[in-house]
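The values are calculated or read from the model by the stated rules, or taken from the named source; none is laboratory data. The shown structure was predicted, so the numbers you read here are calculated from the model rather than taken from an experiment. So basically every Cβ, Gly included, is an ideal-geometry build from the backbone, and we count neighbours across all protein chains shown. When the accessible area is computed, the model is the full protein with side chains, heavy atoms only, and any ligands, DNA or RNA have been set aside. Shrake-Rupley method; radii C 1.70, N 1.55, O 1.52, S 1.80 Å.
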Amino acid sequence: MLSTGGLNRCPLPAAAAVATLLIGCGGENVVTPPPPPPPPSTLAACANFTPLTLAVGQHQVVDPAQSQGCVRVPAAGGQGAEYLVVAASTASLVTSSGVSGPFLLRAGNPGGTASPSFARTEAQGGERPGGAAEAFHLRLRALEQELLREPGVKAAPAPAPGVLAVPPVVGEVRTFKACGNLTCSSFVDVAATARFVGTKAAVFADNTVPTADTLLEVDYQELGQTFDNRLYPIDQAAFGSESDIDTNQRIIILMTDAVNALTPNCTGGRVVGYFFGLDLITTGSQAVNSNKAEIFFTLVPAPATANCSAYSRNTAVRSLKATLVHELQHMISWNQRVIVRGGNSEETWLNEALSHFAEELAGRQIPDVECPGFSSCRSQYVSGNIFNSYDYLSDPESHFLIYPESSTGTLEERGASWSFLRWVVDQFAADSILGSDMTPALLQTTSRGANNIVARTGSPMTQLVPEWLMALYLDDRPGFTPASARLRLKSWGLRGVWTNPADQQQFPGGFPLKPDSTGGAYSRAGTLRGGSGRHLRLIQAANGPGIDVQLVRDATGAALDAALAARIGVVRVR
């Protein structure tokens with residue numbers, strides 16, 4: 001397993017109602033009766049099912065629709081026992097607001113009742129809004145899918161055989177179209193000059209940029225050579241090739257303060273760079289705004305303003321490397337799916353997961369000596385994923401794995417998607433560290449989202465999601481040895497990272513996932529969201545009684561919404 005080598009990261013229910021004496025319109029005394037009491041929180045339905053018998057380390061995934069939501073664990077022996085239960089929604093359909101629905105998870109000893117229910121309110125947890133940068137990138141992914149739905153729109157075809165490449169030359173001046181706002185509903189013209197042309201990168205600099213701490217020739221060289229020698233080979237090996245619709249055999253990196261202008265108020269985040277599939281479109285109503293070229297847009301160094309801190313040349317060059325390896329995956333994905341195969345772009349949650357995985361690949365493969373200013377290249381390229389997954393694990397119930405179309409791009413969602421893909425590669429790739437035998441197939445297909453994952457793994461999401469959620473808690477748990485590799489991560493020792501005293505300032509809460517625990521009476525109401533769930537520990541003392549667990553919609557015992565595709569993961573921990 002791999003550690004990061006140091007990280008940088010720039011009410012209880014109301015009292016029962018009493019009868020109220022009211023004076024009617026006619027002056028008569030009218031007594032309003034109290035509301036009927038709620039049905040008892042009984043687990044009697046579970047008595048009809050046989051308890052699970054699991055050896056320590058074994059797990060099982062249960063369909064609550066087939067068991068009235070019940071899972072039963074038997075009485076403990078003389079050593080006691082412990083189980084982890086995960087209530088999960090495995091819904092993988094992308095919708096406007098996301099697939100979600102209410103749940104009640106309750107437990108009790110056989111013949112007993114669950115404790116009174118308490119609910120989690122959005123004020124106690126809920127989704128943390130994403131920053132401007134995350135929202136902007138999700139907007140671009142949504143716009144790309146809208147482009148492809150327009151009649152007559154075609155992605156640019158590959159150049160005809162025998163067409164000679166005409167690469168840019170240093171000193172060449174061109175005018176480009178760049179997004180003019182965070183919705184990319186307007187565009188601005190950018191005149192720029194080629195400052196570096198290498199084997200794959202052509203770095204252009206805006207002709208009108210702030211002059212304070214401006215980029216030097218050595219910076220263009222460093223950025224271009226890192227792209228040529230490190231970032232491009234890593235992404236190409238992992239995902240495949242990009243297009244070349246402008247027949248110059250180069251990818252343009254346009255450094256412009258038009259990107260800085262996208263976020264004049266940096267308190268909500270700062271856009272560092274982006275790729276937009278529109279630039280590879282040649283027909284349709286928006287083709288006039290297409291650069292008809294393989295191009296990335298990045299910010300430039302800028303002085304401090306009232307709402308943004310200064311962005312130095314060193315910071316710009318260092319931050320752009322991770323951005324470029326991330327955005328290059330999006331460009332390759334567009335070529336492989338849209339241009340080569342005539343399909344649609346990847347669903348956003350998996351598209352972003354793959355780009356965050358590209359960051360990890362760079363952190364693993366680039367020598368630390370090439371990452372000055374950081375404790376390691378893992379810190380430079382991968383820290384964001386570690387922090388995002390930490391934030392997700394602090395409250396997985398409150399966040400989606402399968403992003404809704406209306407998502408603002410929360411960091412927790414990005415942490416969930418990277419973590420899930422990382423676990424999938426661990427389990428199903430022969431090269432479980434780099435995934436080089438699996439990741440190309442995830443792009444070189446017209447299959448999308450969960451269907452793409454299922455096609456590559458041969459396992460349904462109803463099995464994958466609960467196993468991943470169990471692994472998130474159990475991986476490297478002291479004293480626990482899983483019977484199946486599905487309950488661990490092969491590539492990371494994240495528990496060790498998050499509990500390392502050296503990183504206590506970064507992760508003051510230690511290991512982030514802290515499930516509730518019970519020896520019997522328990523009840524919790526909440527919301528299941530697509531691809532996520534709720535963890536619960538069942539702890540039995542020596543010779544303790546069995547425990548019945550039931551996952552239902554509410555206190556009436558109604559079944560969960562079918563759209564949730566709910567599952568219960570159970571593993572015996574000791």
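Per residue, what volume in Å³ does the Cα convex hull of segment 297-429 take up? Mind dumping the intermediate values first?
Details: hull volume 20.9 nm³, N = 133.
Spelled out: Cα convex hull of segment 297-429, divided by residues, is 157 Å³.
All Cα-Cα distances of segment 443-574, cut into 5 Å bins from zero to the largest, leave 2, 8, 14, 17, 18, 17, 13, 8, 3, 1, 0 percent in each bin in turn. Between GLN249 and ARG174, take the C-beta separation as r, use R0 = 25 Å, and let me know the FRET efficiency to the nearest 0.05. E between GLN249 and ARG174, to the nearest 0.05, is 0.95.
Full extension of the chain segment joining LYS292 with ALA559 gains 90.9 nm, where the gain is 0.36 nm per residue of separation less the Cα-Cα distance.
For every other residue with a beta carbon closer than 14 angstrom to the beta carbon of SER459, add +1 if it is Lys or Arg and -1 if Asp or Glu, then tell me the sum.
Details: positive: ARG456, ARG486, ARG567; negative: ASP426, GLU467.
Counting the neighbours of SER459, the net charge comes to +1.
A full extension of the chain between ASN48 and GLU370 corresponds to an added length of 109.6 nm, given 0.36 nm per residue minus the alpha carbon distance. Counting only protein heavy atoms and a probe of 1.4 Å, the accessible surface of segment 441-574 is 47% carbon and sulfur. Modelled spin labels at ASN181 and CYS308, positioned 7 Å past Cα toward Cβ, are 1.7 nm from each other.
Calculate the tail of P(r) for the chain: the fraction of all Cα-Cα distances greater than 48 Å, expressed in %. Don't skip to the end; give the middle numbers.
Details: 33478 of 164451 pairs.
Summing the P(r) tail past 48 Å for the chain gives 20 percent.
Applying both filters, DSSP loop and at most 14 other Cβ atoms within 10 Å, to the GluC sites (Glu not before Pro) of segment 165-248 gives GLU172.
In percent, how large is the relative contact order of segment 287-425, given Cα pairs closer than 8 Å and 6 or more residues apart?
Working: 138 pairs, mean separation 26.6, N = 139.
RCO, segment 287-425: 19 percent.
Three principal axis extents of segment 242-309 based on alpha-carbon atoms, in descending order, are 42, 27, 15 Å. Take the chain with all the other protein chains still there, run a 1.4 Å probe, and you get 39 Å² of accessible area per residue. Mean sequence separation of contacting Cα pairs (under 8 Å, at least six apart), scaled by the length of segment 429-574, corresponds to a relative contact order of 19 percent.
Once you have a ≥ b ≥ c as the square roots of the Cα gyration tensor eigenvalues for segment 465-518, tell me rounded if a/c is under 1.5, and otherwise prolate or oblate according to whether a/b is larger than b/c.
Values: a/c = 2.12, a/b = 1.52, b/c = 1.40.
Taking the square roots of the gyration eigenvalues as a ≥ b ≥ c, segment 465-518 is prolate.
Based on DSSP H runs of at least 4 residues, each adding -39500 (n - 2.57), what is the mean residue ellipticity at 222 nm of the chain after dividing by all its residues, to the nearest 500 deg cm²/dmol? Provide the component values of the computation, followed by the final result.
Working: 12 runs with 148 residues, N = 574.
Estimated from H runs of four or more residues: -8000 deg cm²/dmol.
Only Cα pairs under 8 Å and at least 6 apart count here; give the relative contact order of segment 453-512 as a rounded whole percent. Write down the numbers at each step before the final one.
Working: 39 pairs, mean separation 13.5, N = 60.
Result for segment 453-512 is 23 percent.
Modelled this way, with points 7 Å down the Cα-to-C-beta line, the labels at ASN344 and ALA261 are 3.4 nm from one another. Per atom type, segment 287-410 shows carbon and sulfur on 49% of its accessible surface, probed at 1.4 Å.
Taking 0.36 nm per residue of sequence separation and subtracting the Cα-Cα distance, how much length would be gained by fully extending the chain between ARG149 and ALA521, in nm to one decimal?
Working: separation 372, 0.36 × 372 = 133.92 nm, distance 5.23 nm.
Full-extension gain reported as 128.7 nm.
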